[in-house]
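Colleague: I am attaching a structure below and will ask some questions about it afterwards.
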Amino acid sequence: MSEIVLSKDTDKVLCLIYKEYLSRRKNNILKDSALHFSENDLDDLFPNSDINFEILELKNNSLIEVWITGEVLLNSNAIIYMENRFKNGLIELTDFISKFIP
């Protein structure tokens, strides 16, 4: 996998999706289901936000798959990227995300 460079907004979107994935796994949701995000899931994560540009950027960096239905699948490239980025898992990720909240 080549070096991944994301815009700040796209980085935030990926972090929030990954955090939700980790939360699902912590709640014993099977990996196949935890990786899958419906349009409603994305609307819940990003209310009143247009994230189409960020989703396209994640797709172009091979971090997600986007289905014609609008559903998104977090793939293994994203998991590996985020695991290497946040070696302490959910605690470190939550700390990073909290910096986005005014």
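The values are calculated or read from the model by the stated rules, or taken from the named source; none is laboratory data. Predicted model, so just to flag it, every value in this text is computed and none were measured. Neighbour counts run over all protein chains shown; Cβ positions are idealised from the backbone, glycine included. We work out accessible area using only protein heavy atoms, side chains counted, and drop any ligands, DNA or RNA first. Shrake-Rupley method; radii C 1.70, N 1.55, O 1.52, S 1.80 Å.
Colleague: When all protein chains stay in place, what accessible area (Å², nearest 10, 1.4 Å probe) is found for Arg85?
Modeller: Approximately 70 Å² of Arg85 is accessible to the 1.4 Å probe.
Colleague: List, in order, the whole-Hz ³J(HN,Hα) value for each residue of the range 31-46 obtained from phi through the Karplus relation with A = 6.51, B = -1.76, C = 1.60 and θ = phi - 60°; use x for Gly and Pro.
Modeller: 4, 4, 6, 5, 7, 8, 10, 6, 4, 5, 4, 5, 4, 5, 6, 10
Colleague: Here's another thing I want to ask about it. Carbon and sulfur: what percent of the range 3-42's accessible surface (1.4 Å probe)?
Modeller: Looking at the range 3-42 in its full context, I get 43 percent from C and S.
Colleague: Relative to the present Cα-Cα distance, how much length would full extension add between Ser33 and Glu65 at 0.36 nm per residue of separation?
Modeller: 10.1 nm
Colleague: Based on the mean of other beta carbon atoms within 10 Å per residue, what is the order of 16-23, 37-44, most packed first?
Modeller: 16-23, 37-44
Colleague: Please give the per residue accessible area of the range 1-57, computed with a probe of 1.4 Å over protein heavy atoms only, in Å².
Modeller: 66
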